[in-house]
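The values are calculated or read from the model by the stated rules, or taken from the named source; none is laboratory data. Just so we're clear, the structure is a prediction, and the values are computed from it rather than from any experiment. As a convention, Cβ positions derive from the backbone with ideal geometry for all residues, glycine included, and neighbour counts pool all protein chains shown.
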Amino acid sequence: MEITISFHEMLRPLLATSFRHQNTIIHTLGRRTSIKDAIESFDIPHTEIGSILVNRNAVDFSYLLCPGDRIQVSPLAIPVDPCGESLLRPTPLPHLRFLVDVNVAKLRTYLRMIGMDTLYEADLTDSELARLAAQKQCIVLSRDRGLLRRKIIEHGHLIRSQNPTEQLAEVLSYYGLQNKINPFSRCIHCNNLLQPVAKQEIMNDLEPLTKKYYEDFSHCSTCKKIYWPGSHREGMEQTLKQALQMHMEWMGAYSSRKE
Ligand SMILES: [Zn+2]
């Protein structure tokens, strides 16, 4: 059976090159299938989709296609709010929490650096990772389209860039995090919120120069790592500054494209 499908221009870069410049694609299906499977047969994970119209009516991912259906597929509107309810995602997330895949591992450090609740498990299979995302109610960040196609993952984003600072900018823009960040409030190793600690209590663990020049310290109650505003923090502040700059430039380009 034949259907007609058109992807919004923001989604087209994800299509195979031969489809990228087509406003409308005539597609033949071997059997009756769900709209989710039909869209994903074009290699676009359902996590990227914001709305689907079939013959001008909004449908959810379970809709079974009929011969002659005309389909319009749109991306999520940026900034994406995973805590809001929608037809495609009827169970909104209670909080913003990310689960970072190993193929974008540096993002876990950067997201924790800006205070975002961020889980990371390097040794899980794709199916275990997907289950964890559902159990812990996380947004999955990955470059793996196969992982994001899994039905159990409701909230996720296919990271486009291969550069970690750009990836941070991408997540900042996509989820509108710029006003929600709380830099240096979490342990970058454990994801725990840091607690202030008196200098006297940790005096013996400090290097002589750190002891001499710094007064304010915090620590992680799990790994006991001590944090202070030293040179490692300056490097991270620089990364955050660059990411925010990229975010501003992209959002400027995005708004002018939308108009
Ligand atoms: Zn820790």
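In this structure, D60 does satisfy being surrounded by fewer than 18 Cβ atoms within 10 Å (Cβ to Cβ), of a type in the set (D, E, K, R) and not assigned by TED's automatic domain parsing to the domain that holds T118.
Could you grab me the full set of residues in segment 1-26 that are surrounded by 17 or more Cβ atoms within 10 Å (Cβ to Cβ) and more than 25 Å from the chain's Cα centre (by Cα)? Across segment 1-26, the qualifying residues are I3, I5. Can you find, within segment 189-242, the residue that is surrounded by the fewest Cβ atoms within 10 Å (Cβ to Cβ) among those that are touching a residue at least 60 places away in the same chain (Cβ under 8 Å) and in contact with a Phe, Trp or Tyr (Cβ under 9 Å, 6 or more places away or on another chain)? Residue satisfying both the conditions and the ranking: M236. On the stretch given as segment 48-98, residues that are within 30 Å of L172 (Cβ to Cβ), in a loop (DSSP other than H, G, I, E, B) and among the polar types (S, T, N, Q) total 2. Looking at segment 14-33, is at least one residue touching a residue at least 12 places away in the same chain (Cβ under 8 Å), closer than 30 Å to L172 by Cβ and either of a type in the set (S, T, N, Q) or part of a loop (DSSP other than H, G, I, E, B) (or both)? For segment 14-33, residues touching a residue at least 12 places away in the same chain (Cβ under 8 Å), closer than 30 Å to L172 by Cβ and either of a type in the set (S, T, N, Q) or part of a loop (DSSP other than H, G, I, E, B) (or both): present. Annotation: of all residues in segment 87-107 being of a type outside the set (A, V, I, L, M, F, W, C) and without any contact (Cβ under 8 Å) to a residue 60 or more places away in the chain, the one that is farthest from V140 (Cα to Cα) is P90. One residue alone among I181, I139, I159, I152 is at pLDDT below 95 and aliphatic (A, V, I, L, M), and that residue is I181. Does I226 qualify as being at pLDDT 90 or above, within 21 Å of the chain's Cα centre (by Cα) and either within 12 Å of the ligand (Cβ to nearest atom) or not acidic (D, E) (or both)? So I226 does not fit the description; no. Number of residues in segment 196-223 that are in a loop (DSSP other than H, G, I, E, B) and either closer than 29 Å to Y175 by Cβ or within 16 Å of the ligand (Cβ to nearest atom) (or both): the value is 4. Would you check if Y120 is in the same structural domain as P164 (by TED's automatic domain parsing), modelled with pLDDT of 95 or more, in contact with a Leu (Cβ under 6 Å, 6 or more places away or on another chain) and not small (G, A, S)? Considered against the rule, which asks whether it is in the same structural domain as P164 (by TED's automatic domain parsing), modelled with pLDDT of 95 or more, in contact with a Leu (Cβ under 6 Å, 6 or more places away or on another chain) and not small (G, A, S), Y120 comes out as no. From the residues in segment 105-134 that are in a helix (DSSP H, G or I) and within 27 Å of S255 (Cα to Cα), which one is farthest from the chain's Cα centre (by Cα)? The selected residue is Y110.
Can you say whether S255 is in a helix (DSSP H, G or I) and either within 16 Å of the ligand (Cβ to nearest atom) or at negative phi (or both), as far as the supplied structure shows? Taking the combined requirement at face value, the residue satisfies it. In the set (1) in contact (Cβ under 8 Å) with a residue 40 or more places away in the chain; (2) aliphatic (A, V, I, L, M); (3) more than 25 Å from M248 (Cα to Cα), the condition left unmet by L168 is number (3).
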